[in-house]
Amino acid sequence: MHCPHCGSQKVHPRPWGRKVGAAIGGVAGGIGAWEATQAKEEVDTVTGSAVLSALAGATAGVLVGAKLGEVVDANILNLQYCLDCKKQFSI
């Protein structure tokens, strides 16, 4: 693959979809698991099970979000970055 601006072969993929997907998935998974645990316990105090559930939910959310982001990167965005001229382009 060559940079369309300078012709360099030093190009690197820009995984924006994966990064954003992982961030959104982590937050959504953590909040969802926290809320589900708090609804079951019916108390307003923070318990160890709620914290562990939130961490497990966030971890699962990060993994799923990153995988979905990889699909977006590969099929929709497909952004590349030239290490020589520092320009970003899509193929």
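Data overview
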item: For His5, His12, order by how many other beta-carbon atoms lie within 10 Å, fewest first; result: His12, His5
item: Only Lys, Arg (+1) and Asp, Glu (-1) charged, at Cβ; segment 11-90 dipole about Cα centre in debye; result: 520 debye
item: Principal-axis tilt of helix 16-41 within the chain, Cα atoms, nearest 10 degrees; result: 0 degrees
item: Sequence-distant lysines (8 or more away, or on other chains) whose Cα lies within less than 26 Å of Lys10; result: Lys19, Lys67, Lys86, Lys87
item: Dipole of the chain [Lys/Arg +1, Asp/Glu -1 at C-beta], most positive-end residue of Asn78, Leu52, Pro4; result: Pro4
item: Given charges at Cβ of Lys, Arg, Asp, Glu: the chain dipole, positive-most of Pro15, Gly61, Thr37; result: Pro15
item: Residue-by-residue Karplus 3J(HN,Hα) for segment 73-90, coefficients 6.51, -1.76, 1.60, Hz, glycine and proline x; result: 4, 6, 9, 10, 6, 6, 7, 10, 10, 8, 6, 8, 9, 6, 9, 9, 8, 10
item: For segment 34-91, fraction of C-alpha pairs farther apart than 14 Å, in %; result: 68 percent
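Readers should treat all values here as calculations from the given coordinates under stated rules, not as data from a laboratory. Everything quoted here is computed from the prediction, not taken from an experiment. For neighbour counting, all protein chains shown are included, and Cβ atoms are generated from backbone atoms with ideal geometry for every residue, glycine included.
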